[in-house]
Amino acid sequence: MADTLLDVSGISAGTEDKPILHDVNLKVGAGETHVLMGPNGAGKSTLGHVIMGDPTYKVTSGTITFNGQDITELSPDKRSLAGVFLSYQAPVEVPGVPLYSFLRSISQMRPELKCTAREFRRRVGAIADELNLDQSFLMRELNVGFSGGEKKKIEMLQLLLLQPKLAILDETDSGLDVDALATVSHGIQRYRETVGGALIMITHNTRILERLTVDRTHVMVKGHLVAEGPASLIDDIDKNGFERFESQAAGEGDAR
Amino acid sequence: MADENATVVLDRVNEPPAQTWNRLRANDITLTVPKISRKGDVYFALPQLFSRLECGMGEKVTDWVTSQAADARYVEVRAGEKRTEPIVVAIDTDKGEVADTGVMVRAGASVDIVVAAGGTGAAATTSASLLRVVAEEGAEVTITEVVGVGSSQQHLESAGVDADDDARVEVRQYALGGGTVAFGTAVSLSGDRARTNIALRYFADGKDHLDVNHVVRQRGKNTIAHVRENGILDDAAEKALRATIDLVHGARGSKGDEAENVLVFGDDVVNKTVPVILCDEDDVQGNHGATIGTVGPDQMDYLADRGLSRKDAEALFVRALFEDAIINAPETHAHDVAVRQAERVLGAEVAHDFDASALLAADEEA
Amino acid sequence: MTKERTQVADVDRSLYDFTKSEEGYERYADGLTPDIVRAISAKKDEPQWMLDLRLKALDEYHRRPMATNWGPSIAGLDLDHISTYVSPKTKQASSWDDVPADIKDTFERLGIPEAERESLAGVGAQYDSEIVYHNMREEVAKQGVVYTTIEDALHDSKWEPVVHEYFGTLIPMTDHKFAALHYAVWSGGSFVYVPEGVSLDYPLQSYFRLNAQGAGQFEHTLIIVEPGANLHFIEGCSAPKYYEANLHAGAVELFVKDGARLRYSTIENWSKNMYNLNTKRATVGADAKMEWVSGSFGSHVSYLYPTTILAGDRSSCEFTGITFSGATQDLDTGCKVILNGRDTTASVSTKSISKDGGINTFRSSVVVGRHADNARCTVSCQSLMLDNISRSDTIPAMDVRNPTASVGHEATIGRISDDTILYLMSRGCSEQEARTLVVNGFANPVSKELPMEYAVEMNNLIKLEMEGAIG
């Protein structure tokens, strides 16, 4: 295994009313691709948000180490600057803020990405082309009135621009038509090739994984990581579903 | 000796919590009402706690009603009781009746309250109902007010409700016309998670004058208020509606919305709308809207395709409003008021046509 | 980090918060008497009708009560201690070199001469009660455009009858108490006349600076845009911070004739001891268009509702406004629209932001007259609450008297959602940056309507307000 980039160790977390994650352990090495699967409501997205530092969820125990640094207590912006990226299932609309100036400011915040206006223009233009995004999109307001597919492309645009060490893609493939799916998966591949960053794919759908080399697969049920295995686990789930894991989780529940 | 013709002027009636330019003459209404002296008489009064309730038409009307109404009526619904028989306040406006009612709905109880005010409309009279309701924790209260009076009559319909934690207050109002009709409704969502829906439907024509003041105070946390007013104005009717959503400091997580939809049919109509949101808390959502106009071009085109002229289309909307009032009247007094007004506006044939369908529907349900 | 913020705040405040000595100025006694009114009129060597109008207005002022059932308190305003006339010892200049050094320095710091060189057709600059600088590009003057002070117009035999015909007709002195006060003691302001069919490529701008402490500014702006003509007029206002109440009670009368177009942009950044009781009104002829762009940032108390009377058939107006209310501010702003012509259209879009205990009230009225067949009006109003010690009220009123009219209103109040903040933070913005970004975006529909340098100024003001309060 490559050097550990992300180490989620014994994390339990939830909202004020109810616990969601129970003693989750997950290690991701630099440059690795992991897949996180599980039935609806298993807590997959919650784990993504907890790694990002979403204050909606309270961490009740455990630590998150990223790139050798304990980030459990860091705010989301600090985690972002440290190299964590979360692609949202439903990216938020921010009226009045032009996409281009937003991209420019989040890029200038990172010393390693600072560049001249001209250079920036070129870079963004190139990435937009890569994603089949019309340049006119850049002048529109951030996510406002964008279709689901367009929003996901804008997430990919930010991913390629910010070049994070770890990208968590939360159902980035959901609700996309065939063309958009192809573009998004092209974006993910470009990220793997050009940035070489690590990836956690949260997904139901195995199609988007076809063109990726997956290092590890994790299965989450009811807030527990119940299984971990090689890429072949995906095929297994594809054929047999989550039933086996669910009954296993239920069994564990009974044992307690 | 009471002077039969003595009157008193009540000014600043139906005044909302926040006002605007006086020049618009939309801040309040001034009413002249009879004054019977009851000096020396001792009447049954409501328990003191009711006097603390804010009522929609304001204190002057509350004081006037309590001084005119002779005995007040107090009803208590016991904790947990699901009362099936509605509490009915029937007002014969021809006689200028004035009612003062207080209802205490104890924790977890539920009740229907009906105010029905109407008459044949021959005499020039003033009638009034003051209804005050305390809804304790988890109580469910449905208030239906149906008012339709004659063109020379005046009716004051004031209500005040206080809702504690998890209480639900449904208010359904039908203002079906009359010389001067004033509705004032104040609901205080004092407890956490208290909810209210207020729905007013109104029709005014001729020289009718309708004045409405809706006030919802959202005080508890996570309260929800939903206020809808839909009405039709014809001929030279005048209407003023003030609707206030007050998001009081501390009402964290509360949501309030209000919307009025007015159809204006008459050339000489005067329609005034003052929707207000007061917001003293950041973690809340307040919305309001108003649309004022005639039957929309899209609707009109569609209806024209079905063979309706503009006049037919307008009549259709008026019919629908009365039909709604008749079908949803929860008991006979309210039903009679709605039918009587429908007869006046639409003619007996049409009015009884709905009535028959309502009966059929009721039979089918039974 | 904290240090950086303070620096930003300091830099920005110094832009407005500097004062100049009043030594050697002509300052009339405080309070309001016929003698003061006569003295102002005599100083200006006015025609008799104007003095009569002033004295009548003074009467009206003393007679009229303030409405007590609505609006922010003006209890802190003691008119017996407001000087109604303060004049620097200088004559009006048409070259900045002829303006006294300290006053010139003031306007230079505010960037007025620079803007004039780059993007304006003409500039007027008022300092306390008098205009100290007035100039217009030659090519504009050649087209017959007049841009001067009302005082100068009154001394010109060609324009005196025009002023007499229009002055005080759109905003009558009986309109409200402070309109009466205005007519009694008005001084300075602008007279603009754009002849038929003339279209100005660049805006005209008037800048009002109130330097004197405990004083009032009562400028009168009278603009006549003849049929088919086109003008963009910009008004800027600022004052240094004092602890004594200052008063601004100007009046703006705009006559937009048939087929003409007028855009009136304002960025108001009075200091937070200012009572801003300004009255603005436009009457719009057939097929003509009135556009208002209004940004209110300063003042302690504001009562400001630019009014548009759509008198002509097919006339239209657009109102775009933003109000930012911070600590110690109680700003009651909005607009009024009166639709009288047939097929008239009005669209109102406003935003307000409340922060640090600031109070915002959006107040509007839409009145559709009996004869306004097919009149259309939409009002949309969004309020943003940035904390739970501030307040935001929305009080619109509609009065519709025509069955073919259509009037719509919608308003929302809320705060920035946690989701939005989280999304922006997950891309590296600090919470502070995220909030500033969202607020700037919220204000964007207004700033994009402003000339570039004003849009920049507005963004800076927002940034200052957003950053200044933390820590």
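The values are calculated or read from the model by the stated rules, or taken from the named source; none is laboratory data. The model shown is predicted, which means the values in this text are computed figures rather than measured ones. Here the Cβ is made from the backbone with ideal geometry for all residues, glycine too, and neighbour counts use every protein chain on show.
Tabulated values for the structure
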item	result
Helices (runs of 4 or more DSSP H) contained in the range C:393-471 and holding at least 3 residues touching a Phe, Trp or Tyr at 6+ places or on another chain (Cβ under 9 Å), of a type in the set (A, V, I, L, M) and within 9 Å of chain A (Cβ to nearest Cβ)	C:431-447
Those residues of the range C:180-218 which are under 22 Å from residue C:33 (Cβ atoms) and assigned to a strand (DSSP E or B), in sequence order	C:215, C:216, C:217
Residue within the range C:184-192 that is more than 25 Å from residue C:119 (Cβ to Cβ), of a type in the set (Phe, Trp, Tyr) and either in the same structural domain as residue C:40 (by TED's automatic domain parsing) or in contact with a helix residue (DSSP H, G or I) (Cβ under 9 Å, 6 or more places away or on another chain) (or both) present	yes
Search result, residues across the range A:179-202 that are part of a helix (DSSP H, G or I) and not aliphatic (A, V, I, L, M)	A:179, A:183, A:185, A:186, A:187, A:189, A:190, A:191, A:192, A:193, A:194
Residues within the range A:70-110 that are in a helix (DSSP H, G or I) and surrounded by fewer than 19 Cβ atoms within 10 Å (Cβ to Cβ), tallied	7
The range A:164-173: number of residues that are modelled with pLDDT of 95 or more, away from chain C (no Cβ under 12 Å) and not in a strand (DSSP E or B)	1
Flag if residue B:295 is more than 7 Å from chain C (Cβ to nearest Cβ), over 23 Å from residue B:217 (Cβ atoms) and part of a strand (DSSP E or B)	no
Given (1) assigned to a loop (DSSP other than H, G, I, E, B); (2) more than 14 Å from chain C (Cβ to nearest Cβ); (3) surrounded by fewer than 15 Cβ atoms within 10 Å (Cβ to Cβ), number of the condition residue A:16 does not satisfy	(2)
Index of the failed condition, residue A:176 passing every other in (1) in a loop (DSSP other than H, G, I, E, B); (2) farther than 24 Å from residue A:95 by Cα	(2)
Residue in the range B:52-81 that is nearest to residue B:136 (Cα to Cα), counting only those that are among the charged types (D, E, K, R) and touching a Ser or Thr at 6+ places or on another chain (Cβ under 9 Å)	B:81
Candidate set from the range B:217-246 (those that are touching a Ser or Thr at 6+ places or on another chain (Cβ under 6 Å) and in a strand (DSSP E or B)); member that is farthest from residue B:167 (Cα to Cα)	B:241
Test: residue in the range B:199-213 that is crowded, with 24+ Cβ neighbours inside 10 Å, touching a Gly at 6+ places or on another chain (Cβ under 9 Å), within 28 Å of residue B:45 (Cα to Cα) and free of Cβ contacts under 8 Å to residues at least 40 places away in the same chain	no
Residues satisfying the stated conditions in the range B:12-45, i.e. at the interface with another protein chain (Cβ under 10 Å from one of its Cβ atoms), assigned to a loop (DSSP other than H, G, I, E, B), among the hydrophobic types (A, V, I, L, M, F, W, C) and under 24 Å from the mean Cα position of the chain (by Cα)	B:18, B:26
Residues located in the range A:131-182, provided they are free of Cβ contacts under 8 Å to residues at least 40 places away in the same chain and at positive phi	A:175
Count - residues of the range C:398-420 that are crowded, with 20+ Cβ neighbours inside 10 Å and in contact with a Pro (Cβ under 9 Å, 6 or more places away or on another chain)	3
Residue list for the range C:227-245, filter: crowded, with 22+ Cβ neighbours inside 10 Å and either hydrophobic (A, V, I, L, M, F, W, C) or more than 19 Å from residue C:125 (Cα to Cα) (or both)	C:229, C:231, C:233, C:234, C:237, C:239
